[in-house]
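J.: One structure, as structure tokens, below. Some questions next.
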Amino acid sequence: QPKGNVSEEETSSDTKAEASDHPLAGKEIALIMQINLGTFSAQYISGVEEQVEKFGGKATVFTSEGDLAKMASNLDAAINQGVDGILIDHGTKEALNQGVEKALEAGIPVVAFDAGIDVEGVVSLEQGDQQMAEMTLEKLAEDNNGEANIVKIWTAGFAPMERRQIAYEKFLSDNPGIKEVTAFGAATNNTALDTQSQMEAVLKQYPNEGEITAVWAAWDEFAKGAVRAIEQAGRTDIKVYGIDMSDEDLQLMQKENSPWLASAAVDPTDIGRIQVRYLYQLLNGEQPEEKVILEPVFVEAESLPEETVTTDKLSEYVDGWGASEQGYTDELRELEGQ
Amino acid sequence: MAQALLSMTAIGKTFGAVTALQKAEFHLEKGEVHAILGVNGAGKSTLIKILSGVYQQDEGTIKLDGVDIRLESPKAAKEQGIYCVYQEVDTAIVAELTVAENILLDTFAGKGNLFVSRQKINERARLALRELQADNINVQQKAARLTLAEKQMVLIARALVHSAKIIIFDEPTAPLSIHESEKLYAVIAKLKAQGVGCVFISHRLPEVFEISDRITVMREGTLVKTYDTSEADQDGVIEAMLGAALSHELEPRAHEIGNPLLEVENLSDGQKLKDLSLTVAAGEVVGVVGLVGAGKTELAKALFGGTPLTSGMMKLSGKTAKIKHPADAIKAGMALIPEERRKEGLFVQESLETNASFPNLKKFSKNLLLDRKAEKRFADEIIERLRIKTDSTETPLVHLSGGNQQKVAIGKWISLDSALYLFDEPTKGVDIGAKVDIFKLIRQLAESGKGCLYFSSEIHEAIGISDRILVMYNGQIVKELSRQEATQERILLYASGGKEELGETQKLGERQRDSVSV
Amino acid sequence: MQVVEKKNLGKHKSSVKDNAIQFLFKYGAIALLIFIIFYFSTISDAFFTYGNFTDILRSISIVTLLALGVTFTLVVDGFDLSVGSTMSLSTVVSASLMVWYDMPLWLVLLLPLLIGVLVGAVNSFLIVVIGIPDLLATLSMMYIIAGLHRTYTEGYSIYNNMPLTSGGTAPGQLSEAFLWIGQGQMLGLPVPVWIMLVMVLASYVILNHTRWGRVLYMTGGNAEAATLSGVSVKKVKFAAYVVSGIFASMAGILFTARVGSGQIDAGAPLMMEAVAAVFVGYSVLGAGKPNALGTFFGAAVIGILLNGLTIQNLPYYAFDIIKGGVLVAALAVTYVYAKKKFSKN
Amino acid sequence: MQVVEKKNLGKHKSSVKDNAIQFLFKYGAIALLIFIIFYFSTISDAFFTYGNFTDILRSISIVTLLALGVTFTLVVDGFDLSVGSTMSLSTVVSASLMVWYDMPLWLVLLLPLLIGVLVGAVNSFLIVVIGIPDLLATLSMMYIIAGLHRTYTEGYSIYNNMPLTSGGTAPGQLSEAFLWIGQGQMLGLPVPVWIMLVMVLASYVILNHTRWGRVLYMTGGNAEAATLSGVSVKKVKFAAYVVSGIFASMAGILFTARVGSGQIDAGAPLMMEAVAAVFVGYSVLGAGKPNALGTFFGAAVIGILLNGLTIQNLPYYAFDIIKGGVLVAALAVTYVYAKKKFSKN
Ligand SMILES: Nc1ncnc2c1ncn2[C@@H]1O[C@H](COP(=O)(O)OP(=O)(O)OP(=O)(O)O)[C@@H](O)[C@H]1O
Ligand SMILES: Nc1ncnc2c1ncn2[C@@H]1O[C@H](COP(=O)(O)OP(=O)(O)OP(=O)(O)O)[C@@H](O)[C@H]1O
Ligand SMILES: [Mg+2]
Ligand SMILES: [Mg+2]
């Protein structure tokens, strides 16, 4: 990647706390990821790296191409290497518990995100998945006065997806005016494009206005594909409500007449930052709560400005975005300053 | 003396550590047929590959019409008017393309119109085939469906569509029937009359003597002597080829013929083979002769379980044998030395040891694990028994000469001690010296009480080795002749279709009389 | 003479069965396609419409381009597994040229194509000069290029005015003219469909009606014979891999223009699909070998099936079964016929 | 005589260079491995430790099993692209037997293996009876099995007491004994490492030191000659594909036991990796052909490289470049040597 058109002061974060010699400086942090896909992951990694650097440490990324066995091996490798702290992104408890226990035995603190790990002493971060699903579905119902025919794009097999599904089912049974017309979805290596093709076929199947009121996408990669398909078909009557949001998605939402009306998400960069903060709390010998729910933010197309903004500027328009203070303690803040 | 059309002087060529040619010479006049003779590996093919631009000489000069030329590629050679009909037809045929496309193959690589018209191609191809009197070949079919002889015709036609100065024929008659060979001789005569210089390579001395004007003999990569055909005699030429007089007299036969070993009744395969019956006794060599395409190979394979039968009964040593697969045949005590040894008989990338032990691996692997020492011992044994020339038992067979490979293909069956051996054209492409070794081996087998079936289209050789001869024609056994009755004339008569065509075959037979090789 | 007569006799006897097989071989694939279309049409009104068909064509345009490249390499008896990665590389490069460097359109189109040429050249270097078998050489390149394209973007996908890792935002956007390539319409058909049709036609003419095509098939059919006929097999193989690289790059550009951003790893899942399309194409009109029209047809069959099945609401996870089933059926027809043909000589 | 003398002369002259190539060919791969290990050891203390090495071995155990299967099919001159899908199928089947049906351990182990046998049988049916080329047949099967295993689970991964689509939760859990296979230790080594080592050794002995192995290699070398030497090529190919299916199933079981749940699509990404391991293995000890020790070695090289590079903090997106580079290097040595050898006859 090239150097951007950056004003000088922004790059100053480059001159980081290398020279500092506070007790928590120079820590090596391993980030073990199950899958590294798309802008969401890239932003998440950058959040982790940024926060670790601020604390004067160094982050190493282990990705596993979606392969849990490889993820478990990567966890082992990190432990062998004697890193100072471990961050886990996704995965399952069955695959990782053993390694996590080994890490704790070796005195390496662990913070996990969306991994469902239930080992004592591990801090687990979770997005408010049910809450996000509720937020978007409620908005959907509100926009359509409680009467809507919707298409669900969702896939099984991932813990967060399944949590979202629970909220979805509950919502449907509570709101009999909302009907599911059809549902599809597959997490492929090319999710957005495959979703687009399938959505096109669905649109063909329901060509008349009113047959589909809205699309509810349980993942932003799904939403992207659906949005493109709807745009290409020139359908202005169908709206999209999604969950998760990366910088790229934001651009899509901001486009004029974008069908994508709302999304609920936690800023991926923030997730990374917060996760690191909890790790440093552990490193600092503190005992934070073991289950942390990340507060989702609801982003509506209406509230976005005319000109394009990126997620790092989004906080100016959307409350609670990118400015999460979760996980900070006074001590940590002090550390950052050094 | 008039300017020679072509002079190759002091040609040298090595492949890695092997010297294929050394100070080789070859001269060709306009309008002559010039034969090249030599044992396997003498360098004939290498020489003509240099001439046709496939290889480049390491040293020496080539002059065409007195001008020095350098033949960097087959294309360059063709631009000079030098065309070649290669020994191994399949290397030069593209099976997936049509006959017409194959005939005009050379034109595609050249310059000229980018777009190709199918009609034009077909027309030109038809013309060329007509000239060869082979217009029965449909030019629009895929070349994959042609017989070997037809493929050879396509290659010859390929040379004819261009105005060639020199056409090289590398063993062109090997796959052709007598009738087809005759046609080829006529074409060569015509080319000769047009002033084309023809190079003709063959292991069949009689035909060489019949059609060539001059004969060049090569040995160990260099020229031995060039004869005017009218002044040469066969024995002299053979001596020049071998570097010594040929001692190919087989001892008179002395062994006993025993009980029937193989009895076959009414065998058919639904395709080529029809209603064949034959017997082979212990200690007997039975020759199965027929022209090319008579179905000998099919019969050998069918007996060995390689192709399914539609009817027929086989008995081995008096017991009915159900042979559905070569494995059954081997169990029943048979061994087949197939015609195409590289394709069917051997694992050429593997060592002699590996090849030799393969048919009888059980013997070399007690309790499953392979016994490498026993394998080596056995390999050494057959090297000694068959006088195989090789530097070690671990050399991959690709490095061995054709004759020696053939010996391995035979030797690998020895460990099984089979009762019945089927030899399919064991002397094909093998030079005279090695041939004699192979004949001796077959004799030895017979003397030790084995039965042998010897399939061959070399009638003279078959007469020499067999106790009894079965003549095949069109998938049937049309005649059985005892050793005493068998003469070339009679065999040829039956082999080419029986009595009713007596007049014509007689004529053919006479011409063929001396055109049977040594 | 007798031999010839016998042969003909044999032919007549078995002709009915043979003809059936021959017919199946020649028109089976097309009959299947018609049947599928017919079936879906009776089930859903939405299926047999102009709009749906142009959509299907558009949805297969990218994979068809990729498959055409694979076709060329298969024609010369090679195999290009690296097309997917090459497409990914071209996707991110074309996007980055606009987004990061604000380059003019002609450069944005030209540079990825040059990269395609380069990949083809490296592939053929490994194959022709070093002597690594095609499958293995292009497998290695598949990994290398996949790594390169991720390294180039540092794992990010590329989109308008994206924030850069070094801070700040990227200066450029995908231009309207560029997006038109992937999303525009022309004379009643989407632009990608035009591009695909032109490329299929061009490939067909080149492969079937020019000297070059003959040379390519000849090289694939029997490299030795081709050499003896004055063909430089190395150059021909080189050309085929370069063509393959170019097609992969075109597919990448089209992908970027279609989705409006430079997604990483875009090509990886399409590679196997392209290969499948080519193989289904073997069975079209009795070709029995890689051919441009067949490839298009193969892509179309798969595309139509997926479209129809989606309309049918078949669960996505069953799609692969159908895809594999079609592939097996097409291959079985081709090779059963090939066996018959072979055993008849 | 003259020829022979020349030969020897020639040999002596070029012997130094030849020997160097021969040496590189024979020991190059091993030298490379030693160098890599040495290099990483100097850079990181954590690298050259018992714990790290057993972890590396455990991390390659699954891919090695898969690769052993591929090795068997390559030995008979086939190619099994369906191993990845077969592994996925075995993964979800073994998990579902416990979670959905609460089956006893022996059934949980046996049934997936039977499925592997079945897949191998279908593969070889397509190849041997129908006559579809190996690559194409197994490619189709790859799709079909991938679709089947997703259809079986309806796209869900399978985990302890998962909720069922029909309502309620699944009755079973992965048993401790089962998990021990993937996560346990025995005599100082992880159980998967034991399994892998035993299988590598068994494959090595079978392929290199028994009659069966010889028959497999010869069938691959020249099927026609093997037939005429009394080998039933069909049965041999059948056996090779069945072995491949069994190894893939074992890999799937191991995967389930290792991660404690039945992930869908677990095998897909491992297929290419297994193939790469086998090909790197060609160059080990100058084999120049598929071989069990080489395959193990190939998997180890890739595993060690990835481990070392991760420790080095090389960006993850560059890994594929390294993997591809190692593959190219190994292949180049093998084939440059093969060319030399060939041009020497
Ligand atoms: N490509 C090659 N590489 C190495 N050695 C070769 C090659 N081609 C030929 N030779 C060697 O050169 C010598 C001459 O071979 P050539 O093929 O010219 O013989 P030939 O006279 O045509 O024999 P035949 O009667 O068997 O056709 C042999 O020793 C052969 O092994
Ligand atoms: N695989 C094949 N493809 C095409 N034609 C074949 C094939 N096998 C045999 N033939 C043809 O069948 C006929 C009988 O062949 P066969 O090989 O049995 O004859 P043969 O008497 O052994 O002759 P040859 O001297 O050539 O070995 C020939 O016309 C041959 O060209
Ligand atoms: Mg020769
Ligand atoms: Mg024969």
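J.: Report the net charge of residues surrounding B:Lys78, where surrounding means a beta-carbon distance below 11 angstrom and charges are Lys +1, Arg +1, Asp -1, Glu -1. Walk me through the intermediate numbers first.
T.: Working: positive: B:Lys75, B:Arg158, B:Lys165; negative: B:Glu79, B:Asp106.
Taking every other residue near B:Lys78 into account, the sum is +1.
J.: Chymotrypsin sites (Phe, Trp or Tyr not before Pro), restricted to the range A:191-293: which are DSSP loop and have at most 13 other Cβ atoms within 10 Å?
T.: Values: sites: A:Trp216, A:Trp219, A:Phe222, A:Tyr241, A:Trp260, A:Tyr278, A:Tyr280; in loops: A:Trp219.
The qualifying sites: there are none.
J.: If you filter the range B:57-143 for trypsin sites (Lys or Arg not before Pro), then keep DSSP loop positions with at most 12 other Cβ within 10 Å, what is left?
T.: Loop-located and lightly packed - B:Arg70, B:Lys111.
J.: Here are some pairs, B:Lys142/B:Lys343; B:Lys363/B:Lys450; B:Lys44/C:Lys289; B:Lys190/B:Lys435; B:Lys343/D:Lys26; which of them have Cα atoms lying more than 27 Å apart in this structure?
T.: Too far apart for the 27 Å limit: B:Lys44/C:Lys289; B:Lys190/B:Lys435; B:Lys343/D:Lys26.
J.: What helices in chain D pass both tests, a Cα length along the helix axis of 30 Å or more and a mean Kyte hydropathy of -0.5 or higher, using whole DSSP H runs? Write down the numbers at each step before the final one.
T.: Values: long enough: D:15-43 (38 Å, 1.32); D:50-75 (34 Å, 1.33); D:233-259 (39 Å, 1.20); D:319-344 (38 Å, 0.70).
TM-like helix candidates: D:15-43, D:50-75, D:233-259, D:319-344.
J.: Using only DSSP helix segments of four residues or longer, with each worth -39500 (n - 2.57), what per-residue ellipticity at 222 nm results for the protein assembly as shown after dividing by its residue count and rounding to 500?
T.: Numbers: 57 runs with 822 residues, N = 1546.
Only helices count here, giving -17500 deg cm²/dmol.
J.: Just flag the chymotrypsin sites (Phe, Trp or Tyr not before Pro) in the range B:59-152 sitting in loop per DSSP whose Cβ has no more than 16 other Cβ atoms within 10 Å.
T.: none
J.: State the three equivalent ellipsoid semi-axes of the range B:1-119, derived from the C-alpha gyration tensor as the square roots of 5 times its eigenvalues, in descending order and whole Å.
T.: Values for the range B:1-119, descending: 28, 18, 14 Å.
J.: With an 8 Å cut-off on Cα pairs and a minimum separation of 6 or more residues, tell me the relative contact order of the range B:6-242 in percent.
T.: This gives 30 percent for the range B:6-242.
J.: To continue, here is another question. How many Cβ atoms of partner chains, on average, are near each residue of A:92-102 if near means within 10 Å of its Cβ?
T.: 4
J.: Past the 22 Å Cα-Cα mark, which pairs from B:Lys272/B:Lys301; B:Lys407/D:Lys235; B:Lys366/D:Lys237?
T.: B:Lys407/D:Lys235; B:Lys366/D:Lys237
J.: A follow-up question, please. Note down the relative contact order for the range B:346-417 as a percent, whole number, built from C-alpha pairs under 8 angstrom at least six residues apart.
T.: Rounded, it is 46 percent for the range B:346-417.
J.: Could you work out the local net charge near A:Ile212, counting Lys and Arg as +1, Asp and Glu as -1, over the other residues with Cβ closer than 15 Å to its Cβ?
T.: Net of charged neighbours comes to -3.
J.: Where in chain B are the helices, taken as whole DSSP H runs, whose Cα atoms extend 15 angstrom or more along the long axis and whose Kyte-Doolittle mean reaches at least 0.0?
T.: Details: long enough: B:118-131 (20 Å, -1.44); B:148-160 (18 Å, 0.92); B:178-193 (22 Å, 0.14); B:372-386 (21 Å, -1.07); B:432-447 (22 Å, 0.53); B:502-513 (16 Å, -1.73).
Membrane-span-like by this criterion, though nothing is claimed about a membrane: B:148-160, B:178-193, B:432-447.
J.: Moving on to the next point. Normalised by the residues of chain A, what does the relative contact order come to in percent, with Cα pairs under 8 Å and at least six apart?
T.: Relative contact order of chain A: 18 percent.
J.: Now for a different question. Work out the length of the dipole vector of chain C about its Cα centre, built from +1 on the beta-carbon of each Lys and Arg and -1 on the beta-carbon of each Asp and Glu, and round it to the nearest 20 debye.
T.: I would put it at about 1660 debye.
J.: Where Lys and Arg each count +1 and Asp and Glu each count -1, what net charge lies around B:Gly449 among other residues with Cβ under 12 Å from its Cβ?
T.: -3
J.: Quick one, can you get me the convex hull of the C-alpha atoms of the protein assembly as shown expressed as volume per residue in Å³?
T.: Dividing the Cα hull volume of the protein assembly as shown by its residues yields 191 Å³.
J.: Give the shape of the range B:346-417 as rounded, prolate or oblate, defined through the alpha-carbon gyration tensor: a ≥ b ≥ c are the square roots of its eigenvalues, a/c under 1.5 means rounded, and otherwise the shape is prolate if a/b is larger than b/c and oblate if not. It would help to have the intermediate numbers written out before the result.
T.: On the way: a/c = 1.85, a/b = 1.65, b/c = 1.13.
Prolate shape, in that a/c is at least 1.5 and a/b is the bigger ratio.
J.: About the Cα centre, and with charges only on the beta carbon of Lys, Arg (+1) and Asp, Glu (-1), how big is the dipole of the protein assembly as shown? Nearest 20 debye, please.
T.: With only Lys, Arg, Asp and Glu charged at Cβ, the dipole is about 8480 debye.
J.: What's the longest bit of chain A with no exposed GluC sites (Glu not before Pro), using DSSP loop states and at most 12 other Cβ atoms within 10 Å as the test?
T.: A:1-119
J.: Once you have a ≥ b ≥ c as the square roots of the Cα gyration tensor eigenvalues for the range B:6-242, tell me rounded if a/c is under 1.5, and otherwise prolate or oblate according to whether a/b is larger than b/c.
T.: prolate
J.: Report, in whole Å, the centroid distance computed from the Cα atoms of the range C:186-254 and the range D:125-190.
T.: Rounded to whole Å, the Cα centres lie 40 Å apart.
J.: Now a separate question. What is the mean number of Cβ atoms from other protein chains located within 10 Å of the Cβ atom of each residue in peptide D:214-223, rounded to a whole number?
T.: Rounded to a whole number, the mean comes out at 4.
J.: Evaluate E = 1/(1 + (r/R0)^6) for B:Asp65 and B:Leu114, where r is the Cβ-Cβ distance and R0 equals 35 Å; express this FRET efficiency to the nearest 0.05.
T.: Using R0 = 35 Å, I get an efficiency of 0.60.
J.: Between the alpha-carbon centers of the range A:252-284 and the range B:112-175, tell me the distance in whole angstrom.
T.: About 73 Å separates the Cα centre of the range A:252-284 from the one of the range B:112-175.
J.: Taking each residue in C:45-53, count the Cβ atoms of any other chain within 10 Å of its Cβ, then average. What number comes out?
T.: Details: counts 3, 7, 3, 0, 2, 0, 5, 6, 0.
Per-residue shielding by partner chains comes out at 3.
J.: Give the separation of the Cα centroids, the range B:371-389 to the range C:319-337, in Å.
T.: 49 Å
The numbers here are math on the coordinates, done by the rules we state, and not lab data. Quick caveat, the model's predicted, so the values are computed rather than measured. Heads up, the Cβs are rebuilt from the backbone with ideal geometry, glycines too, and the neighbour counts pull from every protein chain shown.
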